[in-house]
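Novice: Right, I'll just put the structure down here and ask away after.
The values are calculated or read from the model by the stated rules, or taken from the named source; none is laboratory data. On a predicted model such as this, the values are computed, not experimentally measured, just so you know. Virtual Cβ from ideal backbone geometry, glycine too; neighbours counted across all protein chains shown. Surface areas here come from the heavy atoms of the whole protein model, side chains and all, with no ligands, DNA or RNA. Shrake-Rupley method; radii C 1.70, N 1.55, O 1.52, S 1.80 Å.
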Amino acid sequence: GKSGYDHYMLKEINEQPHALRECLRGRPRELDASIEIDELEGLERPERVHFVACGTSYHAALYGARLFREQGIQTNTFLASEYDVDAIPVDEGTLVVGVTQSGETADTLGALRAANRIGAETLSVTNVVGCSAARETDYVMYIRAGPEIGVAATKTFASQQVALAMLSRALTGACSSAFIKALRALPDQVQSILDTSQAATVADEYVDADAYFFIGRGYNAPVALEGALKMKEITYKHAEGFPAGELKHGPLALVTERTPVFSMLTGDSNAEKMLGNVREVESRGAPIVAVTDVPAQVATHADHVLEIPNTHRLFAPILANIQLQLVSYWVANQLGRSIDKPRNLAKSVTVE
Ligand code: M6R
């Protein structure tokens with residue numbers, strides 16, 4: 001059941017601290033600052049990585065791919081439906097990673113099967129024990145989020161991000177005690193966001209907006225895409241997500257005083273450039289909602305602040321996304337939408 005929540009989506013958003021604890025269980029090793037993923041024994045550092053995924057899982061893959069690249073591994077991310085092994089160099093040195101909550105998404109299975117045929121090593125990162133993806137790949141890593149009933153992926157996205165962060169370290173051996181400490185802190189930090197979030201107030205304020213924009217740079221860019229997808233999926237309202245630098249190359253033309261812009265302003269190296277992008281939309285009169293771990297520094301640029309706790313620079317996007325999930329949920333709730341089963345959508349998409 002929904003354990004007293006109005007919707008599975010809200011229940012699952014609230015289950016994230018537990019889901020993340022499960023994902024972490026037994027994997028980070030404090031003693032030698034390493035990450036061990038038992039089920040991946042024998043899998044070595046790959047020469048190249050291709051991620052294949054759809055929807056929310058694709059956004060998690062975009063985030064994961066950046067982590068791999070930072071470790072010096074040549075990494076690309078593909079929408080599974082666009083993966084074409086005849087056109088893209090794939091060989092035995094390539095690890096093809098299917099990120100799929102259900103493990104039954106036809107597009108993702110198709111991409112993994114093509115990779116298998118060509119002789120690449122394959123790995124699925126999934127939530128469902130014994131799913132098709134798990135059965136058909138050489139290796140499987142479980143994200144252990146527990147069953148997700150709501151069509152909108154929420155807790156599984158956070159768990160995918162954490163799983164991929166661990167995977168990037170497990171396969172490269174490059175970890176640090178700061179990384180592990182920050183990972184371990186995430187479940188409690190997510191809980192503190194759930195306990196204090198002002199997302200419902202922000203949702204009330206902007207429920208009548210014409211459209212919602214989401215912007216972020218670097219590790220936050222995939223979360224901007226995910227914020228917009230979630231908003232569209234459950235509110236049926238127009239939403240767009242961008243790497244913030246792209247705004248001025250076109251989408252800025254859509255921004256008016258009726259377009260709230262959710263801006264991921266976390267205290268990383270892109271803060272200056274992000275503030276520049278925020279100024280671009282501010283000067284068009286757009287309301288700014290800052291999702292930030294440095295509220296004092298951004299307060300003058302924001303109409304609303306959704307605060308997240310301070311974390312490792314790589315994990316701020318995981319926390320920022322929790323606030324975005326809540327905003328979408330409360331907007332959809334205000335609008336009386338069918339939150340757990342949005343029109344036209346299915347939990348797992350088994351046709352190509
Ligand atoms: O089960 P999968 O992770 O392979 O599903 C992929 C997408 O269909 C899925 O993430 C979809 O985008 C969600 N409904 C988004 O909330």
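Novice: So if the hydrodynamic radius of the range 208-333 is defined as the Kirkwood radius over C-alpha pairs, what does Stokes-Einstein give as its diffusion coefficient at 37 °C and 0.692 mPa s, in µm² per second?
Specialist: 235
Novice: When the helices in the chain are scored as -39500 (n - 2.57) per DSSP H run of 4 or longer and the sum is shared across all residues, what 222 nm value do you end up with, to the nearest 500 deg cm²/dmol?
Specialist: Rounded to the nearest 500, it is -12500 deg cm²/dmol.
Novice: Give me the Kirkwood hydrodynamic radius of the range 1-141, using the inverse of the mean 1/r over all pairs of distinct Cα atoms, in Å to one decimal.
Specialist: This gives a value of 16.1 Å.
Novice: Quick check on the range 97-171: take the gyration tensor over C-alpha atoms, sort the square-rooted eigenvalues as a ≥ b ≥ c, and tell me if it's rounded (a/c under 1.5), prolate or oblate.
Specialist: oblate
Novice: Next up: Once the convex hull of the C-alpha atoms of the range 98-241 is built, how many Å³ does it hold per residue, rounded to a whole number?
Specialist: Cα convex hull per residue, to the nearest whole number: 148 Å³.
Novice: Could you work out the longest stretch of the chain that avoids the trypsin sites (Lys or Arg not before Pro) located in DSSP loops with at most 12 other Cβ atoms within 10 Å?
Specialist: Longest stretch, sites excluded: 26-342.
Novice: Among Ala221, Ala316, Ala296, which one shows the biggest mean-square fluctuation in a GNM of the chain, springs joining Cα atoms closer than 10 Å?
Specialist: In this elastic network of the chain, the residue with the biggest mean-square fluctuation among Ala221, Ala316, Ala296 is Ala296.
Novice: Now for a different question. For the chain, compute the orientation-averaged projected area of the C-alpha convex hull (one quarter of its surface), in nm².
Specialist: That works out to 16.8 nm², a quarter of the Cα hull's surface.
Novice: For Lys232, list the lysines whose Cα falls under 25 Å from its own Cα; do not include residues on the same chain fewer than 8 positions away.
Specialist: Candidates past the 8-residue exclusion: Lys2, Lys11, Lys155, Lys248, Lys341, Lys347.
Novice: Then there's this: When ligands, DNA and RNA are left out and all protein chains stay put, how many square angstrom of accessible area per residue does the chain have with a 1.4 Å probe?
Specialist: Per residue, the chain has 39 Å² of solvent-accessible surface.
Novice: Another question, then. With Kirkwood's inverse mean 1/r over C-alpha pairs for Rh, give me the Rg to Rh ratio of the range 253-313, two decimals please.
Specialist: Rounded to two decimals, Rg/Rh equals 0.97.
Novice: Would the range 188-249 count as rounded, prolate or oblate if I go by the C-alpha gyration tensor, calling it rounded below 1.5 in a/c and otherwise prolate when a/b exceeds b/c, oblate otherwise?
Specialist: Cα axes put the range 188-249 in the oblate bin.
Novice: Something else about it: Heavy atoms only, probe 1.4 Å: what % of the accessible area of the chain goes to carbon and sulfur, would you let me know?
Specialist: Whole-percent figure for carbon plus sulfur exposure: 47.
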